[in-house]
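Accompanying notes for the structure given below.
The values are calculated or read from the model by the stated rules, or taken from the named source; none is laboratory data. Not measured: the values here are computed from a predicted model. Note: ideal-geometry Cβ built from the backbone for every residue, glycine included; neighbour counts use all protein chains shown. Quick note on the areas: whole protein, heavy atoms, side chains included, nothing else; ligands and nucleic acids left out. Shrake-Rupley method; radii C 1.70, N 1.55, O 1.52, S 1.80 Å.
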Amino acid sequence: MKFTNTITIERAPTTVFAYLANLENLPQWNYALAETQQVTPGPPGVGTRYRQIRTIPVRTEESLEIIELTPNRKLTVQGTLNSLPAILTYTLDATDGTTTLTNTVDLRAPRPLNLLAPIALGRIKSAVAANLAVLKQLLEQS
């Protein structure tokens, strides 16, 4: 299951990227998360790992790892989201002081769920778009 959402944020890419690259900010703009905590020392970079507590649809612990980080341009994270293996890519493009943020989500549904995946895809994409709208609001207010 793969989909993309794009949003324009009235902030410079350096500001947007700095906020995104600190994955501990995730619960501030994703309503389904209670906590995201870095578990490896040092500044965020390739190989930095996180432990995350999801509360919706059920309480579960997840793990994330940064697998690609190109400052002010691209951030890719892989891990588990609600027990589904996932790769999340955030690509930033600058235009006249604004940032076009493209989020690509690649979820790997296990075989027994493959038939249900298309049904869930629309709801998941919509929830991710809503989260990006909250991110936009947070960044444009600060």
* Asked: Of PRO85, PRO27, PRO43, which is the most mobile in a GNM of the chain whose springs link Cα atoms less than 10 angstrom apart?
  -> PRO43
* Asked: For segment 36-82, what are the per-bin percents of Cα-Cα distances with bins 5 Å wide, up to the bin holding the maximum?
  -> 5, 23, 26, 22, 14, 8, 3
* Rank VAL128, VAL58, VAL134 by accessible area, highest first, at a 1.4 Å probe radius? -> VAL58, VAL134, VAL128
* To do: Note down the accessible area of ILE56, probe 1.4 Å, to the nearest 10 Å².
  => 80
* Give the long-range amide H neighbours of LEU33: residues separated by 5 or more places, or on another chain, with amide H under 5 Å away, using H modelled in the peptide plane at 1.01 Å from N. => THR55
* At 20 °C and 1.002 mPa s, what whole-number value in µm²/s does Stokes-Einstein give for the translational diffusion of segment 1-120, with Rh from the Kirkwood sum over Cα pairs? -> 142
* Asked: So for the pair ALA130, GLU35, with labels modelled 7 Å out along Cα→Cβ, what separation do we get in nm?
  -> 2.5
* **Magnitude of the charge dipole, the chain, Cβ model with Lys/Arg +1 and Asp/Glu -1, debye to 20** => 440
* Taking the chain as the reference, fit the longest principal axis to its C-alpha atoms, fit the long axis of helix 117-141 to the helix C-alpha atoms, and give the angle between the two in degrees, 0 to 90, nearest 10. => 30
* Based solely on its DSSP helices, what 222 nm [θ] is calculated for the chain when runs of n ≥ 4 H residues each add -39,500 (n - 2.57) and the sum is averaged over all residues, nearest 500 deg cm²/dmol? -> -8500 deg cm²/dmol
* Structure fact -> Over its alpha-carbon atoms, segment 4-47 yields an Rg and a Dmax in Å of 12.2, 32
* Structure fact -> Projecting the Cα atoms of LEU138, TRP29, VAL58 onto the charge dipole of the chain, where Lys and Arg contribute +1 and Asp and Glu -1 at Cβ, the residue farthest towards the positive end is VAL58
* Please give, to one decimal in nm, the separation of the simple spin-label points placed at GLU65 and VAL46, each 7 Å out from Cα toward the Cβ. => 1.3
* Residue-by-residue Karplus 3J(HN,Hα) for segment 51-62, coefficients 6.51, -1.76, 1.60, Hz, glycine and proline x -> 10, 10, 10, 9, 10, 10, x, 9, 6, 8, 9, 10
* By accessible area with a 1.4 Å probe, ligands and nucleic acids excluded, highest first: order of TYR19, TYR31, TYR90 -> TYR31, TYR19, TYR90
* May I ask you to derive the FRET efficiency for GLN28 and ASN82 from their Cβ-Cβ distance with R0 = 22 Å, giving the value to the nearest 0.05? => 0.70
